[in-house]
Amino acid sequence: ATIMGEDFSSGTAEDFKPVLGTWNVRDGGYEVTPGAEGDTISTISTDGSLPAEFVLSARLSIRTVPDFNQNAVLIFDYYGPTDFKFVSLHAGQNKWRIGQRDASGWNFLIEKEETIEAGTDLEMAIDIQGSVVTVWSWDVFLLSHDFGTALNGGQVGVGSKKGSPRFEAVQLAR
């Protein structure tokens, strides 16, 4: 069952709360430009806590913008700008990563190399099952990691590490 689905066709991102970066809905997509801090985050508003098992998915493209990285992030177990877990894709480095953001920075726990083209449509989904996150792209398994603790306590969202992605659609489902 869908908890939240947004394709930005209304010209707004009513289920999103920008935290870092400048977020705008433009031509049916949710785009961000990083500020001085570099990180970008927009959390998703949900009614109550998340179930122990859920899927966060997005259709997106990695824009090529001078002076910015080519990446996009799906955020989960979010408690603040330096306290969350994430799955990221990096077009410039051709890597998918699972990691944790804390006060020391972006910590990559596991990664997989795969060609990722900037400027093309991409699909990514993270499947949370208790303490385990599994990453899929176009229904193909990529990687998985067990954090050893429940992952549904915090919020979920989208963002980047000094990148300027464009999200075409985002869905949160149980």
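If a residue has to be under 16 Å from residue 84 (Cα atoms) and either surrounded by 15 or more Cβ atoms within 10 Å (Cβ to Cβ) or of a type in the set (Phe, Trp, Tyr) (or both) to count, how many in the range 136-158 make the cut?
Within the range 136-158, residues that are under 16 Å from residue 84 (Cα atoms) and either surrounded by 15 or more Cβ atoms within 10 Å (Cβ to Cβ) or of a type in the set (Phe, Trp, Tyr) (or both) number 9.
Conditions tested, residue by residue: (1) open to solvent by 30 Å² or more (accessible area, probe 1.4 Å); (2) under 16 Å from residue 169 (Cβ atoms); (3) modelled with pLDDT under 95; (4) not hydrophobic (A, V, I, L, M, F, W, C).
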site	(1), (2), (3), (4)
22	yes, no, no, yes
40	no, no, no, yes
46	yes, no, yes, yes
64	yes, no, yes, yes
77	no, no, no, yes
83	yes, no, no, yes
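Determine whether the range 11-19 contains at least one residue that is surrounded by fewer than 22 Cβ atoms within 10 Å (Cβ to Cβ), part of a strand (DSSP E or B) and of a type in the set (Phe, Trp, Tyr).
Among the residues of the range 11-19, at least one is surrounded by fewer than 22 Cβ atoms within 10 Å (Cβ to Cβ), part of a strand (DSSP E or B) and of a type in the set (Phe, Trp, Tyr), which makes the answer yes.
Residues are listed down the side, and each one gets a yes or a no for (1) over 25 Å from residue 2 (Cβ atoms); (2) touching a Ser or Thr at 6+ places or on another chain (Cβ under 7 Å); (3) modelled with pLDDT of 95 or more; (4) open to solvent by less than 20 Å² (accessible area, probe 1.4 Å):
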| residue | (1), (2), (3), (4) |
| --- | --- |
| 123 | no, yes, yes, no |
| 127 | no, yes, yes, no |
| 134 | no, yes, yes, no |
| 160 | no, yes, yes, yes |
| 167 | no, no, yes, yes |
| 171 | no, yes, yes, no |
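Pick from 36, 52, 1, 72: which is at pLDDT below 95 and either touching a Lys or Arg at 6+ places or on another chain (Cβ under 9 Å) or surrounded by 13 or more Cβ atoms within 10 Å (Cβ to Cβ) (or both)?
Every option except 1 fails the conditions.
The values are calculated or read from the model by the stated rules, or taken from the named source; none is laboratory data. Here the structure is a predicted model, which is why all the values come from computation and not from measurement. Every residue, glycine as well, gets a Cβ built from its backbone with ideal geometry; the counts of neighbours run over all protein chains shown. SASA here: full protein model, heavy atoms, side chains in, ligands and nucleic acids out. Shrake-Rupley method; radii C 1.70, N 1.55, O 1.52, S 1.80 Å.
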